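Heads up, the thing below is written out as structure tokens.
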Amino acid sequence: MPQTAVRPGVSVVVPFLGDERAALRLLAHLGALDTIAGDELIVADNTDEGIAAPALGDLARVVRASAERSSYHARNAGARAASRDWLLFVDADCAPAPDLLERYFTPRPGDGEGLLAGTIVDHPEHDSLLARYARSRNFYRGERGLQGSDGGYAPTGNLMVRRAAFEASGGFAEGIRSAGDVDLCWRIQAEGWLLTRRPSAVVAHRHRQDLPSFLGMLARYGAGASWLNRRYPGSSPRWPLSPFELARSGVDVVRHTATGNRDEAAFRLVDALGLVAHNVGYRSANEIGGQ
């Protein structure tokens, strides 16, 4: 229920690409968020069918964003529909803490702060092998991301952006599959805005549960890292892949299995598979529809 205004109003922008079940889960996520009268909830529906609107009802404004199958395209569409001075980008598979918006403004950002980076933690419902793996490898820490960048960015699963900084930057790059969040953060900072971290502003992320889609995600991140490295030379090198690295992973798998440490044995196997997937992705196109 909206509270008395004690902070600036925020436009919460969520890109959506999923089925009816995912839309109902998003309804629960947004419904649990503490808001004030100046806030607005915007869902950018990236599906062809327009799945979000029937499930969300009057809770959020739904805008269609189906011209391109891309979360960056959807976020831009949501931002264009927004009217507040701050834009909070949250992913549909992230459950925000009820006081998320208040946490972003504790303390109040200074005039030079254009990016506020929240925290992404593991969703308590998920304790699968891959969820534990992602947690052990700090996959969603923005200080150093999966694209292999040199830091200074935050994932758009939980990122507050000053509207003036977002518009001056031109928004997210479109036509790409990955690394748009890194690129946006770097361009905004290049204009003189600061990125500061709000560790207490928390969302809980639902990790991928099956290995093929997890490896596909790593390949996509590899493509994004390669795109970043061309755009910002030297910023995002390829993850080193060699027979030695793979052999070392194999030795670790055997050693951990022998000592009964099944999780770490599985983690080292996923390390090896992920290394291969990232390298495959690094050699592929990041452009949508590219090879």
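The values are calculated or read from the model by the stated rules, or taken from the named source; none is laboratory data. Since we're looking at a predicted model, the values are computed, not measured. Cβ placement follows ideal geometry from the backbone for every residue including glycine, while neighbour counts extend to all protein chains displayed.
Looking at the stretch 152-186, which of the residues that are of a type in the set (Phe, Trp, Tyr) and in a helix (DSSP H, G or I) is farthest from LEU228 (Cα to Cα)? Here the answer is PHE166. ARG238 meets all of the listed conditions (1) among the basic types (Lys, Arg); (2) buried (at least 18 other Cβ atoms within 10 Å of the Cβ); (3) not in a helix (DSSP H, G or I) but one, namely (2). Being surrounded by 16 or more Cβ atoms within 10 Å (Cβ to Cβ), in the same structural domain as GLU102 (by TED's automatic domain parsing) and farther than 25 Å from ARG163 by Cβ is a condition met by no residue of the stretch 33-43.
The listed residues are VAL203, VAL280, and the only one of them that is at pLDDT 95 or above, touching a helix residue (DSSP H, G or I) at 6+ places or on another chain (Cβ under 7 Å) and more than 30 Å from LEU101 (Cα to Cα) turns out to be VAL280. Do you know which residues across the stretch 204-222 are outside any helix (DSSP H, G or I) and over 19 Å from VAL182 (Cα atoms)? ALA204, ARG206, HIS207, ARG208, GLN209, ASP210, listed by residue number.
Could you please let me know if SER213 is over 19 Å from the mean Cα position of the chain (by Cα), among the hydroxyl-bearing types (Ser, Thr, Tyr) and surrounded by fewer than 19 Cβ atoms within 10 Å (Cβ to Cβ)? Judged against the criteria, SER213 is not a match.
Residue-wise test of (1) part of a loop (DSSP other than H, G, I, E, B); (2) loosely packed, with under 15 Cβ neighbours inside 10 Å; (3) not basic (Lys, Arg).
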{"residue": "ASP48", "(1), (2), (3)": "yes, yes, yes"}
{"residue": "VAL62", "(1), (2), (3)": "no, no, yes"}
{"residue": "ARG69", "(1), (2), (3)": "yes, no, no"}
{"residue": "HIS73", "(1), (2), (3)": "no, no, yes"}
{"residue": "PHE89", "(1), (2), (3)": "no, no, yes"}
{"residue": "ASP111", "(1), (2), (3)": "yes, yes, yes"}
{"residue": "ALA117", "(1), (2), (3)": "no, no, yes"}
{"residue": "LEU130", "(1), (2), (3)": "no, no, yes"}
{"residue": "TYR133", "(1), (2), (3)": "no, no, yes"}
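For (1) within 16 Å of the chain's Cα centre (by Cα); (2) under 16 Å from ALA168 (Cα atoms), each residue gets a yes or a no:
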position	(1), (2)
LEU59	no, no
ALA67	no, no
ARG80	no, yes
ASP85	no, yes
PHE89	yes, no
ASP93	yes, no
PRO96	yes, no
GLY110	no, no
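Candidates are the residues of the stretch 250-286 that are basic (Lys, Arg) and closer than 22 Å to SER136 by Cβ; the one that is surrounded by the fewest Cβ atoms within 10 Å (Cβ to Cβ) is ARG262. Based on this model, can you work out whether ALA247 counts as surrounded by 14 or more Cβ atoms within 10 Å (Cβ to Cβ) and either in contact with a Pro (Cβ under 6 Å, 6 or more places away or on another chain) or not assigned by TED's automatic domain parsing to the domain that holds ARG69 (or both)? So ALA247 fails the test. Filtering the stretch 161-181 to residues that are of a type in the set (A, V, I, L, M) and farther than 19 Å from ALA81 by Cα leaves ILE176, ALA179. Selection of the stretch 176-195 for residues being in contact (Cβ under 8 Å) with a residue 12 or more places away in the chain, under 14 Å from ALA165 (Cα atoms) and either loosely packed, with under 15 Cβ neighbours inside 10 Å or not acidic (Asp, Glu) (or both) yields LEU184, CYS185, TRP186, ARG187, ILE188, GLN189, GLU191, GLY192, TRP193, LEU194, LEU195. Please verify whether the stretch 65-80 includes one or more residues that are touching a Ser or Thr at 6+ places or on another chain (Cβ under 8 Å) and over 27 Å from ILE176 (Cα atoms). No, the stretch 65-80 contains no residue that is touching a Ser or Thr at 6+ places or on another chain (Cβ under 8 Å) and over 27 Å from ILE176 (Cα atoms). On inspection, GLY38 qualifies as within 30 Å of ALA168 (Cα to Cα), outside any strand (DSSP E or B) and touching a Gly at 6+ places or on another chain (Cβ under 6 Å). Does ARG198 satisfy the condition of being under 19 Å from ALA74 (Cα atoms), in contact (Cβ under 8 Å) with a residue 24 or more places away in the chain and crowded, with 19+ Cβ neighbours inside 10 Å? Here the answer is no, as ARG198 does not meet what is asked. Against the condition modelled with pLDDT of 95 or more and crowded, with 21+ Cβ neighbours inside 10 Å, how does ALA97 come out, does it pass? So ALA97 does not fit the description; no.
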